[in-house]
């Protein structure tokens with residue numbers, strides 16, 4: 001089943017991408033079930049008699065990843081996983097990540113597990129990395145050592161201020177913890193103190209659920225604290241695992257918060273969006289401080305990624321859409337995210353140029369904006385770093 005060629009030597013060098021939202025990859029070897037768990041947002045195994053490989057994402061992994069490991073595209077999953085075990089996790093990560101064409105990674109370090117650090121991820125890919133600090137994890141870490149509400153609130157203020165010195169931005173998963181239909185204005189000091197006391201007391205009673213910050217007052221406090229740092233703030237919207245209520249994750253529910261936070265100068269970046277990505281595109285179109293991406297949808301819609309991207313580009317200004325992979329756990333998800341984005345965007349732009357709707361020059365310029373230049377501008381990353389080789 002080994003492929004004669006891993007890449008087409010006549011293909012021109014791909015322009016580097018900036019992955020503005022991603023996570024580390026698993027360091028350890030993975031069995032079949034553990035590998036498949038990363039191909040879905042479900043928190044349960046595949047239904048009896050089915051496999052998560054039989055999905056748009058599963059097919060995309062089988063299309064793009066086997067040639068990078070010396071196998072034919074679309075080889076059976078068992079062949080692919082056997083080859084993966086033969087090479088080892090580190091070598092697989094090196095081969096796959098270095099083939100993505102991603103030069104910079106903005107890594108959300110808020111997920112648990114034996115995951116690579118931003119620096120390890122960048123080293124394997126031959127690129128550079130920056131940290132995105134997850135607000136809820138920061139608050140929970142501070143709460144672990146706080147004896148009183150005053151200790152906690154002081155620690156949060158200091159922690160956010162310290163993180164802002166080195167991080168590229170912040171991220172909130174308020175969509176998971178409560179929903180996006182929260183009160184838009186900053187909560188008063190008294191309400192924040194009372195909420196902190198209540199949460200710390202509940203944490204003291206133990207339990208995983210009690211340890212998580214879910215109080216809407218505290219979530220709003222974290223959002224507004226981050227907004228005043230001047231760094232970009234990523235917000236999860238739309239599609240995700242069953243831990244959220246999708247009907248409460250429509251980005252349009254953020255409209256009043258978007259209006260309220262505008263005077264701070266904070267840039268808001270709406271992640272994912274699907275199936276509400278057209279709403280995210282609308283917010284990016286009408287508010288100067290709002291940006292959007294559709295990454296998670298592209299990988300999970302696979303062969304339909306072009307249709308989803310086209311819907312985002314119906315309304316969103318081209319300087320307001322950013323590329324990301326949202327890859328987590330598997331280096332394969334970086335490959336799929338980058339390839340599907342390139343394939344979808346190339347197909348759309350080629351069609352629009354061919355029918356005379358766009359000029360070739362504008363198509364190339366917009367491709368550069370979406371792939372890297374918008375992220376460089378929004379996060380202040382500066383000029384690109386040439387890739388080795």
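Across the chain, Cα pairs under 8 Å and at least six residues apart give a relative contact order of 19 percent.
To the nearest 10 degrees, how steep is helix 77-87 against the longest Cα principal axis of the chain, on a 0 to 90 scale? Its long axis makes an angle of about 80 degrees. The alpha-carbon atoms of segment 78-218 define a convex hull whose volume equals 159 cubic angstrom per residue. Please find, in a Gaussian network model of the chain (springs between Cα atoms separated by less than 10 Å), the residue of 225, 98, 32 whose mean-square fluctuation is greatest. It is 32. When the convex hull of its Cα atoms is viewed from all sides, segment 91-155 shows a mean projected area of 5.2 nm². Summarising the overall dimensions of segment 265-376 from its C-alpha atoms, the Rg and Dmax are 13.4, 42 angstrom.
For the chain, what is the mean residue ellipticity at 222 nm derived from helices alone (per DSSP H run of n ≥ 4: -39500 (n - 2.57); sum divided by total residues; nearest 500 deg cm²/dmol)?
Details: 18 runs with 174 residues, N = 389.
Counting only the DSSP helices, I get -13000 deg cm²/dmol.
Relative to the dominant Cα principal axis of the chain, helix 216-227 is inclined by about 70°.
Based on a Kirkwood Rh over C-alpha pairs, give the Stokes-Einstein translational diffusion coefficient of segment 17-379 at 37 °C and viscosity 0.692 mPa s in µm²/s. My calculation gives 155 µm²/s for D. Which of rounded, prolate or oblate describes segment 15-142 when judged by the alpha-carbon gyration tensor and an a/c cut-off of 1.5? Because a/c hits 1.5 or more and a/b fails to exceed b/c, segment 15-142 counts as oblate.
With a ≥ b ≥ c taken as the square roots of the eigenvalues of the C-alpha gyration tensor of segment 323-368, please select rounded if a/c is under 1.5 and otherwise prolate if a/b is larger than b/c or oblate if it is not? Provide the component values of the computation, followed by the final result.
Numbers: a/c = 4.90, a/b = 2.89, b/c = 1.70.
Prolate, since a/c reaches 1.5 and a/b exceeds b/c.
Between the C-alpha center of segment 123-167 and that of segment 204-252 there is a gap of 15 Å. Highest GNM mean-square fluctuation among 169, 24, 279, for the chain modelled with Cα contacts below 10 Å: 279. Roughly how tilted is helix 89-98, in degrees to the nearest 10 and between 0 and 90, from the longest Cα axis of the chain? Approximately 80 degrees, to the nearest 10. Sorting the segments 195-206, 57-68 by their mean number of nearby beta carbons within 10 angstrom, highest to lowest, gives 57-68, 195-206.
Mind ranking 285-298, 365-378 by how tightly packed they are, going by the mean number of other C-beta atoms within 10 angstrom, highest first? Don't jump to the answer; show the numbers that get you there.
Working: 285-298: 22.8, 365-378: 19.8.
In decreasing order of mean packing, 285-298, 365-378 become 285-298, 365-378.
Only the coordinates and a few stated rules stand behind these numbers; no lab work does. None of these values were measured; they are calculated from a predicted model. Every residue, glycine among them, receives a Cβ derived from its backbone with ideal geometry; neighbour counts consider all protein chains shown.
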